[in-house]
Structure formats: C-alpha cells, structure tokens
1. Among the helices (runs of 4 or more DSSP H) contained in the stretch A:443-532, which hold 1 or more residues that are more than 25 Å from A:PRO69 (Cα to Cα) and in contact with a His (Cβ under 6 Å, 6 or more places away or on another chain)?
2. If we keep just the residues of the stretch B:23-43 that are free of Cβ contacts under 8 Å to residues at least 40 places away in the same chain and more than 11 Å from chain A (Cβ to nearest Cβ), which is farthest from B:VAL74 (Cα to Cα)?
3. From the list A:ALA475, A:ALA501, pick out the single residue that is within 14 Å of chain B (Cβ to nearest Cβ), within 28 Å of B:THR48 (Cβ to Cβ) and either in contact with a Leu (Cβ under 7 Å, 6 or more places away or on another chain) or free of Cβ contacts under 8 Å to residues at least 40 places away in the same chain (or both).
4. Evaluate the stretch A:37-50: report whether one residue or more is farther than 21 Å from A:LEU221 by Cα, within 14 Å of chain B (Cβ to nearest Cβ), in contact with a Gly (Cβ under 6 Å, 6 or more places away or on another chain) and touching a residue at least 40 places away in the same chain (Cβ under 8 Å).
5. Kindly indicate whether any position in the stretch A:315-330 is hydrophobic (A, V, I, L, M, F, W, C), over 23 Å from the mean Cα position of the chain (by Cα) and part of a helix (DSSP H, G or I).
6. Kindly provide the set of residues from the stretch A:223-259 that are within 21 Å of the chain's Cα centre (by Cα), polar (S, T, N, Q) and more than 12 Å from chain B (Cβ to nearest Cβ), ordered by number.
7. Can you tell me which residue in the stretch A:141-159 is nearest to the other protein chains (Cβ to nearest Cβ), limited to those that are of a type in the set (Ser, Thr, Tyr) and part of a strand (DSSP E or B)?
8. I'd like the full set of residues that are hydrophobic (A, V, I, L, M, F, W, C), in a helix (DSSP H, G or I) and within 16 Å of B:PHE25 (Cα to Cα), limited to the stretch B:66-85.
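The values are calculated or read from the model by the stated rules, or taken from the named source; none is laboratory data. Given the structure is predicted, the values throughout are model-derived calculations rather than measurements. Here Cβ is always computed from backbone atoms with ideal geometry, including for glycine, and neighbour counts include all displayed protein chains.
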Amino acid sequence: MKIGLSAALSCSVLAASCDLGGGCRGEWCGTLVIAQGADPDALFPPVIQTTAGAAVSDLIYLKLADIGPSMNTVGDIDFIPRLAQSWSREDSLTWVFTLDPQARWHDRVAVKARDVEFTFSVYRDTLLASPKLSLMERIESVTARNASTVEFKFSSRYPEQFYDATHHMRILPAHLLDTIPPVSLTSHELTLHPIGAGPYRFVRWDPAAAIELTADTMFFLGRPGLARLIFRSTPNIETALAQVLAGEADAIEQLVTPQNVSRAAAAPHVRLVEYPSAGYTYLQFNMRNPNRPNRPHPLLRDRMLRRALAMSVNQQEVVDAVLGGLGEVAIGPVSRMLSIWSEDIPRIPYDTARATTLFNGLGWADSDGDGYLDRSGQRLRFELAVPASSESRRQAAVIIQDQFRRVGVEMAIAELELNTLISRVTGGQFDAFFGFRTQDPSPATIKEAWTSSGIGGANFGSYSSPEFDRIVDAAIAEQRTERAVELWHQAVAHINADAPAIWLFSPKSVAAVHRRIDNVTIRPDQWTATIWTWRVPSARIIDRDRHGSN
Amino acid sequence: MAGFVARRIYQAAIVMFAVATLTFFLIHLAPGDPFTPLAESSTISPETIQQLRRNFGLDEPIHVQYLKYLQRLVQGDLGISFKHHRPVLDVFRDVIPNTILLAVAAVFIDFSLGIATGIYQGTRSRGRADTLLSGLSLAFYATPVFWLGIMLILTFGVTLRWLPIAGATDPVIHDSLSGIGRLWDRLQHLIMPALTLGLVGAGGTARFQRSALIETLSEDYIRTARAKGLRERSVVLVHALRNSLLSVITLFGLSLPLLLSGAVLVETVFSWPGMGRLITDSVSGRDYPIVTAAAILSAAMVVAGSLAADVLYQVVDPRTRDST
C-alpha cells in the first residue's frame, strides 16, 4: 500500500512524534476504518432510532440470542446463543434462559439475570418511550429466578415469542444503571460512554467525526479478529468512496449507485460484497379522500382502476434504469431479506393492452384526443409525493410518469422535503406516495403497515381487507414454519391482487471492503453483526493495522 | 469608541432576540416535527411517538413552548438536542472549534490572496497579467464550492495521495502523535477544505480590490503624491491601498456569516465536523433547540462581522471616527 503524504511527512519530518509502524504484531491486529454515512443519534440501545446508531451499539451490547443466517424468526431453532448459553420452553407462555457463566461486562463484572430483568423494565418504561416498546407488548414479565436464570412470561401463545424475547433488547448493565431514573438515562454520562458485554469496548466518540471501539480481548464468545474499529462520519457517498479508493478507509456499508459500484470494482484492493436489502420501494395509493379523510378517494378507492394502474407500470424497466441491476422487482410488501420471499407469488403482470381495456371498461377514454384518458370531462390524473432527498425515487418517479403517460394517465410529481412529505402522508393528505420501507426480519411487520390494525399508524393509505387481515393473523399465529410460509404467500398474493400499492423494487446492497480483510460476511438486518469475526491475516497487515493493541 | 461598541452590543442583543423569536416560530410552523420520520417505521406505535413528543414538551401549545424557551434562554440554557440527547451548548462545543479553525484559515486565504492579487492587477490594469488574472479570479468566483472540493479530492487525495481526504484529523494515528505531530496532522486535513472555501472567496475579493485600487489610483491626491516624486511602491502601498481597502473591509464584515453557510457544502464534501453539517442535519431533522441556537449564533456572527467592519473602518479612515 502506498503511504500517503500525510503519514509519510508526519513521520519523516516529525520522526520523534510518531511511530508509523505502531506496536501490534501477529494474528490479532487489524484496524478497520469504516466510512459511515451518518453520525449515530445515540449509543444507548433502548432509544436508538437510526441504523447508524444500531450499527455501532450492536458491537458494544449483546442480545440473549441472535437470529441465524436463515433469518427464520419462527420458534428458536435457527437462533444462535449470545448472552444466553441455553434456553427452554416451559409451557406455551414461558421461556427460560440460562446465561453464559463466562459472560462479562467490559468492567469484568459477571452478566446476571438481574441485568435482563432491569433491561426489560427500561425498554418497557412508557416515559422513556423506546421505539421498541410496541414490539414487546406481548411479553408480560421478565423475572430473574436466580443469578443466572431468567424467565420470560408471555400474554399469549404465538410462534415468534422467542424472537420477541431476544431480538429487540440489548442487555444493559443493571449494576451501573439501575439507580438512574430511566427517562434520565438518555443523556446520562454512562450511556454516552457505554459499557456493554459485546465484542468491542467503547473508546471515544468525537461527534460528527469518528467513533472508536477496541476489541475486548476477553470476550467470552471468542477474541474479536480486528483489534480496533473506527467509524468515520462521512455524509457524502462520493467522499466515502474516495476514502476507500485512496486507502484511507476500509469499508462502506452501501455503495448506493451502479456508478459507485463500477468505480469500486475497478480498484484492485477493494472487494465487493453483495447482500440482500432489508427494504422495499413502493408506490402507495391512498384509499381515502385527501381533503375529506372520512370519505373514500374519488379515484383510487376503485380496485379495478388500481389494478389497471399497476398493469401500466413496467417495474423491470424502472429497476434497470434506476438501479442498473442493483435490485430486483418486488414480489409484494416484502424485502429480499425476509425468509418468505418467493418469485412464485402471483403478481399483477405488466400489460398495457389489458390496462387500456380495463380503463375503457371503467369509462375512461381519450374523448378529446389530447393523449390523456378522461371521463365526464375529468382527466384521469393524480399526484405522486416523492421525497426530494432520494435521488433513486426521484428518477424512478419520472420513468413511471412516462409509463403512465403512454397509457393516458397523468401523474403529477410533487417533490417534497422528507419531513414535510411524511407529515402529509401520515395526515392522509396525498393521492399516492413513493415510499421505502425497512423491515425487521419478522414478516409480522407486514401487519402494522398493511392490515386494518395499522390504519392511523403505519398503514398510511388506509388499505383495508378483512380477508387479508384474516390470512395475516393466521400466518402470525401458525406454529409450523412451512405452513406459516404458505399463509404468508397467500396473504401477499391477496394484497397484490388488490393493488393498494405498486411494489417496485427491493434494492441489492453492495458493500466495499478492503481485500486484506478475511472472513467477510454480512448479515442483511445488521451489517455490523458479524464484524467481530472478520480478521486481517498477519501476512497482510498494513501500517494502520499496527496502531492500537489487541 | 467604547460608547460606540456598547451601543452596538445593545443593538445586537435586540437583533438576536428578534432572530431567536422568529426562528422559533418558523421552525415550529414548518411541517412535521423531530419525531415525524419515526412514523415511516412500521414497528413504532403512534402512542410511542406521542409519548416522545410529550417528553420534549411538544404536545403543549406553541405559545407555552415559546415562553418556556425564553425562560430557559435568559438563564443561558439553550435546551437539550432532540437528536443528540445532550445540552445544545455541549453539542456546539464539539463542533465550533473546527468551524472557527476552518473559517479563520479560509478568511486568511481569501483576503491575503484576494487583496494581493487585486493590488497586482490594479497596478497593471489592462495588461496581459491583469487580463489573465481577471479570468482566473472570475472562474474561481463562479466555481461551485462542492465541485471544486471534489476536484481537489480526486486530484490531491485519490490520484496523487498527497493530502488526506476527509475529517479534521486522522483518527487512526492522531492520538499517538506528539503535540507538534497533532498540529501537523490538523494542518494537513485543513488544507483542502480551507483552499476550497478560500479560493472561491479570493476570486471575489480580488475583483473588489482591483476595482477599488484602480479607482483610488485615479484620485487627485494620488496624482499629487506622484508629482511630489514619491516612489510608485509608496504611492500604492501607503496612500492608495489604505483607501481602497474600505470596500474590502465591507466585504470582510459580510464574509463571516457567509462562511458559515458556505462551509455547509465544504463540511459535507470533506466530512469536516463543523457547525454547517450540524445545522443542515438539525433543520432536516427538526432539532428545534439546535436550529434556534444556531440562528442566534449566526445572528451574532452577522453583528460581530458588521461591528468588526465598523471598527476597521475607523482604524483605516480616521474621518469616520467623529461620525460615530
């Protein structure tokens, strides 16, 4: 690796001031500099709202058990032990976890069942208002039976009890935090300089600049392969890529555009790692009248019209033009990450001839020869709200506008600042909106976004179908994994046929990682989850790997 | 002079109060609030979002929020950042030194290079060098800062690898360096962002300085000085420059707040941890306490810039002293 002028001059002109070679030798060195798109909002797990915060925090704190590579959330079979060494289901409402006796906080105090009990009380504190609060509402209680055993009681029987018990909470150190009122924890010194039980210890956080973590060499699940992690705040993706190309940084979570992927692929020291996205993009129709929310939308309430609109959009063309192959046509309200993803689920096909027949059947025709369909003197027109901050969605909106124009539908595009857009969408003041939804590994997140129970919440378009609701509830309640998947497929097929939205694409995520790093795997729901198993073989260490000790 | 400064500080307090009030209402009246984006997530219940609003007092009528805000403000409490979960003053304390460092370096490049170029051009008006430098200064003045920044990164960071691309220091080695080593590390990281801001500004300053000097050199007293047999260097540097600097001083006063806004793009391109990025993130995230505090700070910079310009006027031109 070419040594930059900065480092070379620092050490040649000011030889006494630094040791460019650093002190670390052998197998356990390695400094990974990550160009991260945003500065974390917080590192205290219960209040984290951003992926940047979770990416760092998940290396400091641990869960009881972690989801496995299959991403299956039903039962406990695919989960991997973390703080919990073992577990058992005592009855249909009770799970009991036994903690790993080797597990230690970074201050070397043993992790106890009391910590789990305390953590639950913090997450469930209504004043603290953790974003995870509603995900744990079916956990009735968490009680420490003794120092190493903790019991979870549920209010109802359902297949994802284990997932709810383990996935949402990162266990907190009660011995350090339990004297502080939960609502004061968010700004407390100990939560700004966290002490966890994860593979990495917190070192420092220079806001808007960098966060440094160092490996906990005594980590009970095995010594982390990289000695030091530096998350460098780099809001501009071009700058982030330039850092990787110049050898100043080692990894970027997502290259975002096909152009960036091509540039990174051309660099001999960079390896590209593809992994499925946890999100999907969609064009949602509002079933309610934006001006009178208690009344149906004058156009989009009509199921056949929505189906005709869906038939008019060539999603593959959108994917090719906007993502250049870095995405797949969505199969429904399902991200590529979910275990229920299947190409076999029936979808509304792209068919402009059938769309035109449907439009005509509904009385829409180009009676005045202006190229647009009209009925009773009214043009077939609606407005699509698009976040101005999303380049890909803005581009896709223009392509879709053109596709609609070809079948005689006028779609106006309203580019709005994100907060303004969400404010309008949550208030029901839109005809259609171009959304991107990130999902948890559980397909149950479909419920809040698309069933009647989500109206007034995340179901912005107020889509309501008792049959869809019934199938979703059955899928969530189904204990047998295979049958649950079948039910989810039925549910997705049903909502696809109703077309409350046009499902557009699930982007592929492509990370760039320096080639000297081995054992690179990325989990789609949390890209940093396996970083502690990455390593730099001693033969490949470079100058920055020798800085910091492990 | 002391009375003049005291009067201006009194006026500044009124201006800042007006700015704080206006900003408070404008940002609160903008659509959405800090917790609106959470509604896009299907895993956060509306009740949780409502509780978060209650925690920060956003469920109260706006006039009540305003009165509480003023109450805290007069006690020097700027509030707690919604995003950072820390007092606003602490958040500012982290980034202001970086912004000041960048601004000072950029102003230094802007005015030293701009004034020197302007003098050179003014004394060689309509010559080849003047034409060439006019074209160059116009080109720099018209260059978008983000484009210039990216070009510098690609040239000196990626291709030549002479200078570091991002940040204010090298997080890998900075802590292991000695005092001088750290200073050198900071300086290297400062070069490209400061040049980006400074060169664009210098383009404008040079054009101002050139015009002002040409105009001054045609004044009667300059002709008199030359007739008295003074050397051209003395005529320009002692007699003409002082008067021609007046318009540049006005530009200097205005440049302080502009540097804050201009720095937004530069800070983003170079990942510089300063005020500009904090403010843009806070506006889009509706972090009300940060936005209102930043507006007060910005107003303070406008007032300070204007005050500095007035004081400099008095230093440079003794005739203005009596009128104030």
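1. Working: elements: A:445-450, A:466-477, A:481-498.
Qualifying helices (runs of 4 or more DSSP H): A:466-477.
2. If we take residues in the stretch B:23-43 being free of Cβ contacts under 8 Å to residues at least 40 places away in the same chain and more than 11 Å from chain A (Cβ to nearest Cβ), then B:LEU29 is farthest from B:VAL74 (Cα to Cα).
3. Values: A:ALA475 fails: within 14 Å of chain B (Cβ to nearest Cβ).
When all the criteria are applied, what remains is A:ALA501.
4. Within the stretch A:37-50, one or more residues are farther than 21 Å from A:LEU221 by Cα, within 14 Å of chain B (Cβ to nearest Cβ), in contact with a Gly (Cβ under 6 Å, 6 or more places away or on another chain) and touching a residue at least 40 places away in the same chain (Cβ under 8 Å).
5. Initially, the stretch A:315-330 is screened for residues hydrophobic (A, V, I, L, M, F, W, C), giving A:318-319, A:321-323, A:326, A:329-330.
Those still in the list that are over 23 Å from the mean Cα position of the chain (by Cα) too: A:321.
The next check asks that each one be part of a helix (DSSP H, G or I); those that pass are A:321.
Scanning the stretch A:315-330, I find at least one residue that is hydrophobic (A, V, I, L, M, F, W, C), over 23 Å from the mean Cα position of the chain (by Cα) and part of a helix (DSSP H, G or I), so the answer is yes.
6. In the first step, residues of the stretch A:223-259 are kept if they are within 21 Å of the chain's Cα centre (by Cα); the result is A:231-237, A:240, A:251-258.
Applying the additional criterion that residues be polar (S, T, N, Q) yields A:233-234, A:236, A:254, A:257.
If the condition is that a residue be within 21 Å of the chain's Cα centre (by Cα), polar (S, T, N, Q) and more than 12 Å from chain B (Cβ to nearest Cβ), then A:GLN254, A:THR257 are the ones that fit.
7. First, the residues of the stretch A:141-159 that are of a type in the set (Ser, Thr, Tyr): A:141, A:143, A:148-149, A:155-156, A:158.
From the residues that got through so far, the ones that are part of a strand (DSSP E or B) too are A:141, A:143, A:149.
Details: A:SER141: 20, A:THR143: 24, A:THR149: 29 Å.
It comes out as A:SER141.
8. The initial filter retains those residues of the stretch B:66-85 that are hydrophobic (A, V, I, L, M, F, W, C), namely B:67, B:70, B:73-74, B:78, B:80, B:82.
Those still in the list that are in a helix (DSSP H, G or I) too: B:67, B:70, B:73-74.
B:LEU67, B:LEU70, B:LEU73 - these are the residues of the stretch B:66-85 that are hydrophobic (A, V, I, L, M, F, W, C), in a helix (DSSP H, G or I) and within 16 Å of B:PHE25 (Cα to Cα).
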